[in-house]
1. If I ask for residues that are more than 10 Å from the ligand (Cβ to nearest atom) and crowded, with 23+ Cβ neighbours inside 10 Å, which ones from the stretch 173-182 would you list?
2. Could you tell me whether the stretch 154-162 includes any residue that is modelled with pLDDT of 90 or more, out of contact with any strand residue (DSSP E or B) (no Cβ under 8 Å at 6 or more places or on another chain) and on the phi < 0 side of the Ramachandran plot?
3. Which members of the stretch 215-246 meet the condition of being in contact with a helix residue (DSSP H, G or I) (Cβ under 7 Å, 6 or more places away or on another chain), outside any helix (DSSP H, G or I) and at pLDDT 95 or above?
4. Looking only at residues in the stretch 91-143 that are in a loop (DSSP other than H, G, I, E, B) and within 18 Å of residue 185 (Cβ to Cβ), which one is nearest to the chain's Cα centre (by Cα)?
5. Across the stretch 50-79, what is the total count of residues that are part of a loop (DSSP other than H, G, I, E, B) and surrounded by fewer than 16 Cβ atoms within 10 Å (Cβ to Cβ)?
6. Looking at the stretch 160-182, which of its residues are under 28 Å from residue 80 (Cα atoms) and in a strand (DSSP E or B)?
7. Scan the stretch 183-206 for residues that are part of a loop (DSSP other than H, G, I, E, B), within 9 Å of the ligand (Cβ to nearest atom) and either farther than 19 Å from residue 46 by Cα or without any contact (Cβ under 8 Å) to a residue 24 or more places away in the chain (or both) and jot them down.
8. Could you figure out which of (1) exposed (fewer than 13 other Cβ atoms within 10 Å of the Cβ); (2) closer than 15 Å to residue 183 by Cα; (3) away from the ligand (no atom under 16 Å from the Cβ) isn't true of residue 87?
Ligand SMILES: [Zn+2]
């Protein structure tokens, strides 16, 4: 059986970075990790594609923007258990004007992706892979105000697999159409398109446009290529009590 390289033996930047993320996430999720244990990151391997992506074809061969996709220290941000579960936070009570349009806009964006990708709404936030929430537009954050933001965190799941979880925050001082477009775009990031298209006819175009694009063949060609790449996500980490040999 192969032994994966211990995090301790990785180049300092990569090793410390991943260890830092894991440690932070352990605290966040309430795991207790013995201080003497060594976490060993799984090697990057390719997962089987979900059926919907396996079957995706683009007979017109409209190309992709795979060269714009960033590789993270855990590899490509690929899901390996399906359906991916989404939890939608209700709009905060401080935002009475969006109580109706918020859930409708998010539902629309989720349905747009469900035509192409196994995605499911969960009523249980603890089961969620992706949490989508509305941000009060009157609360100014520091720096530039974006219409939406997507972040991920790493953690080790119950089966000891290196896993990721996203939060998507969307500012709600927009029309329902624009909120739906913003969520559609951010969901594209969370499903694995960790980069932007240079063409405004793609949902993952880098800027907001007057007429938001639907999910395009190029978005799907890019997503399919991402899922054909290796990742450390979804494979078991190993934890050993003994320090690894030098
Ligand atoms: Zn984006």
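1. Across the stretch 173-182, the qualifying residues are 179, 180, 181.
2. Checking the stretch 154-162: at least one residue is modelled with pLDDT of 90 or more, out of contact with any strand residue (DSSP E or B) (no Cβ under 8 Å at 6 or more places or on another chain) and on the phi < 0 side of the Ramachandran plot.
3. 215
4. Looking at residues that are in a loop (DSSP other than H, G, I, E, B) and within 18 Å of residue 185 (Cβ to Cβ), I get 129.
5. Matching residues across the stretch 50-79 total 11.
6. Hits for the stretch 160-182 are 161, 162, 163, 164, 165, 166, 167, 168, 169, 170.
7. 195, 196, 204, 206, listed by residue number.
8. (1)
The values are calculated or read from the model by the stated rules, or taken from the named source; none is laboratory data. Nothing here was measured: the structure is a model prediction, and the numbers come from that model. Virtual Cβ from ideal backbone geometry, glycine too; neighbours counted across all protein chains shown.
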